[in-house]
Amino acid sequence: MDESYHTYLNRVAKMTLPATYESQIKNIQESPKFRLTADGTREPVAFPGYSAITPPGAEDPANSAVFKELAACQQQLVKTLEPDLLVLVDPASFHFTLADLIWDSAYRVATDANADFEGELVDRIEDSFKIYQSTGVGTQPIRWQIVGLTVRPRAIEVSLVPKDEYSYNRIIAFRRAIYQNSSLISLGIEQQYYFTAHTTLAYFANVDREIDRARLSDTLQEYNMRWLDRPQEVILSEGQLRKFSDMYSYERKPHFPIVKL
């Protein structure tokens with residue numbers, strides 16, 4: 001399910017076009033990952049699982065300037081758009097998803113059926129990391145650049161493109177080491193989507209009332225123009241196994257494997 005370098009570039013670039021925004025914004029929905037509390041705020045609901053990600057923002061000082069820029073973008077979106085439209089992701093948890101593993105109902109089924117699921121997952125992810133290392137980890141930095149804001153049915157994200165073909169191929173090699181590992185497949189880990197490098201900024205909340213969709217589209221386009229003049233680059237240096245309990249919490253236990261990218 002991997003695309004060529006140029007196919008990936010073309011597909012992701014189209015996600016930031018006005019015509020794409022117009023189509024996507026028509027279909028936005030409230031995210032089920034948050035619930036409204038008695039005091040009118042929204043809190044994350046349980047959404048457990050595992051993922052292979054870069055260190056979250058609070059633990060990734062090399063990319064602190066980029067995360068600061070993304071936090072500023074969040075605040076601008078809140079200031080410009082309708083109140084209560086968005087639930088912001090905590091900037092401390094900003095990260096780059098390298099490979100989704102298992103989540104929600106599939107996670108619950110797997111862990112209910114296998115009391116040692118986490119232990120087996122840790123061992124097999126460690127094997128995948130060794131497989132990746134055997135492909136020859138290079139000395140060049142893996143560099144990706146924000147191409148713009150993108151709209152998902154339940155979220156606003158920033159999508160990224162590789163700065164060069166080397167950076168793309170290294171991440172694809174990492175993903176293949178996971179998704180082509182037969183021992184992980186036997187645990188229920190499988191690739192379900194085309195890879196789109198992204199960081200989630202916010203989830204949609206109250207979409208029941210009338211929303212100024214034109215203003216939402218214009219706001220996203222304006223911010224994309226800002227990034228054309230001030231490119232935002234992320235350096236990917238480390239992959240980690242993380243466990244999440246909701247969309248705010250990504251835990252790395254001491255025995256969880258890490259790998260230099």
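For labels at Val109 and Gln29 in the simple 7 Å Cα→Cβ model, what's the distance in nm?
Reported label-point gap for Val109 and Gln29 is 1.9 nm.
Would you kindly state the longest site-free stretch of the chain, with sites defined as trypsin sites (Lys or Arg not before Pro) in a DSSP loop (not H, G, I, E, B) surrounded by at most 10 other Cβ atoms within 10 Å?
Free of exposed loop sites, the longest segment is 27-208.
Taking loop as defined by DSSP and a crowding limit of 16 other beta carbons within 10 Å, which GluC sites (Glu not before Pro) in the range 172-261 fit?
Glu190, Glu210
Could you give the length gained by full extension between His6 and Val78, i.e. 0.36 nm per residue of separation minus their alpha carbon distance, to one decimal place?
22.5 nm
Cross-chain or 8 or more residues apart, Cα under 25 Å: how many lysine pairs in the range 5-260 fit that? Count them up, please.
17
Among [x] 49, 44, 32; [y] 54, 36, 33; [z] 73, 45, 34, find the value of Cα extents along the principal axes in Å that was calculated from the structure presented, and write down its label.
Read-out taken from this structure: [x].
Using the number of other C-beta atoms within 10 angstrom as an exposure proxy, rank Trp144, Trp227, Trp103 with the fewest first. The partial results should precede the final answer.
Numbers: Trp144 21, Trp227 18, Trp103 14.
Fewest-to-most Cβ neighbours within 10 Å comes out as Trp103, Trp227, Trp144.
For every other residue with a beta carbon closer than 14 angstrom to the beta carbon of Pro162, add +1 if it is Lys or Arg and -1 if Asp or Glu, then tell me the sum.
So the surrounding residues net to 0.
Every number in this text was worked out from the coordinates using simple rules, so none of it is lab data. What you see is a predicted model; the values in this text were computed from it and never measured. Cβ: placed from backbone, ideal geometry, glycine included. Neighbour counts: every protein chain shown.
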